[in-house]
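Heads up: the structure comes next, in structure tokens.
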Amino acid sequence: MAELSTLLEKEASTEIEAIVAEGKKRAEEILSTARSEAEGVIAARTRAVKAQREAALVRARSAAQLEASSLKLRSQHEGVQSVFAQARERIAALVADRSAYEGVFGKLLDEAVAGLAGTAVEAVEVAPDDVELAKRAVSKAGLSASVTANDTVQGGVRLRTANRSAVENTLYGRLAALEGELAAEVSKALFGAKAD
């Protein structure tokens, strides 16, 4: 019986060792699979984080470029508007210099009369400060039209005919009419050939 006990013990021990070996082998497989899965998850998350970072950089770069373009356009617009504001100031200075303005006023009147192509002028409207100047210019031009003050006419003349048509020729009106056309040239002069 001692032999049987030893034999059973030996078989149990072998069986236990086989079970332990199988358990270790299975544990190593599970551990290896878990490591592979963990590495895959880490790699996927690393790729996702990298992709998110790159996307964020692209968005930030695009936003910065958009902001820079906006600032550049705003700066160009303000620069161009400043030039036109200075032009209006120079017109105001010319109009204030009565001796210099008298010759310009006469030319503005002559051009307005020519624009009517022979239609008789009934009234000449001018800024209140220009009434006396206009009376002299109308007389010099040989017109028999009345001269009236009109606050809406600044830096030039508005001629009215009997058929209620009107021709306006003012320095401010000319500047306003040319602003769109000149804006690109002014921008190019201020900011170079690549001005948008």
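Across the chain, how many lysine pairs separated by 8 or more positions, or lying on different chains, have Cα atoms within less than 28 Å? Please list the in-between numbers first.
Details: LYS10/LYS24; LYS10/LYS25; LYS72/LYS188; LYS72/LYS194; LYS107/LYS135; LYS107/LYS140.
Final tally of qualifying lysine pairs is 6.
Using label points projected 7 Å from each Cα along Cα→Cβ, tell me how many nm separate GLU181 and ARG136, to one decimal.
Output for this residue pair reads 3.1 nm.
I want to check the label-to-label distance for VAL104 and SER70. Put each point 7 Å from Cα in the C-beta direction and report it in nm to one decimal.
It works out to 3.9 nm between the two label points.
Pairing the Cα long axis of helix 2-96 with the longest principal axis of the chain, what angle in degrees results, from 0 to 90 and rounded to the nearest 10?
10
How much length would be gained if the chain were fully extended between ALA21 and ASP151, taking 0.36 nm per residue of separation minus their Cα-Cα distance, in nm to one decimal?
Numbers: separation 130, 0.36 × 130 = 46.80 nm, distance 10.85 nm.
Full-extension gain reported as 36.0 nm.
So how much slack lies between GLU78 and ALA162, counting 0.36 nm per residue of separation and subtracting their Cα-Cα distance, in nm? If you can, show how the numbers build up before the last one.
Numbers: separation 84, 0.36 × 84 = 30.24 nm, distance 4.34 nm.
Using 0.36 nm per residue and subtracting the Cα-Cα distance, I get 25.9 nm.
Could you give the angle, 0 to 90 degrees to the nearest 10, between helix 171-191's Cα long axis and the longest principal axis of the Cα atoms of the chain?
Relative to the chain, helix 171-191 is tipped by roughly 40 degrees.
Rounding to the nearest 10 and keeping the result within 0 to 90°, find how far the Cα-based axis of helix 131-140 lies from the longest principal axis of the chain.
Roughly 60 degrees between the two axes.
Remind me, what semi-axes does the chain give for its equivalent ellipsoid, largest first in whole Å, using sqrt of 5 times each Cα gyration tensor eigenvalue?
Calculated on Cα positions only, the semi-axes equal 101, 15, 11 Å.
May I ask you to derive the relative contact order of the chain, considering only C-alpha pairs under 8 Å and at least 6 residues apart, and to give it as an integer percent? Please report the intermediate quantities before stating the final value.
Values: 154 pairs, mean separation 35.8, N = 196.
Worked out over the chain, it gives 18 percent.
Can you tell me which of 153-163, 58-68 comes out highest on packing, and rank the rest after it, using the mean Cβ neighbours within 10 Å? Display every interim value, and only then the final one.
Working: 153-163: 19.4, 58-68: 10.0.
In decreasing order of mean packing, 153-163, 58-68 become 153-163, 58-68.
Gain in length, GLU9 to ALA117, computed as 0.36 nm per residue apart minus the alpha-carbon separation, to one decimal in nm?
Values: separation 108, 0.36 × 108 = 38.88 nm, distance 13.28 nm.
Fully extending the segment from GLU9 to ALA117 adds 25.6 nm.
Once you place label points 7 Å from the Cα toward the Cβ at LEU94 and SER62, how far apart are they in nm?
With each label point 7 Å from Cα toward Cβ, the separation is 4.9 nm.
Only the coordinates and a few stated rules stand behind these numbers; no lab work does. Bear in mind that the values here come from a model prediction, so they are computed numbers and not experimental data. All Cβ positions, even for glycine, are placed from backbone atoms using ideal geometry, and neighbour counts span all protein chains on display.
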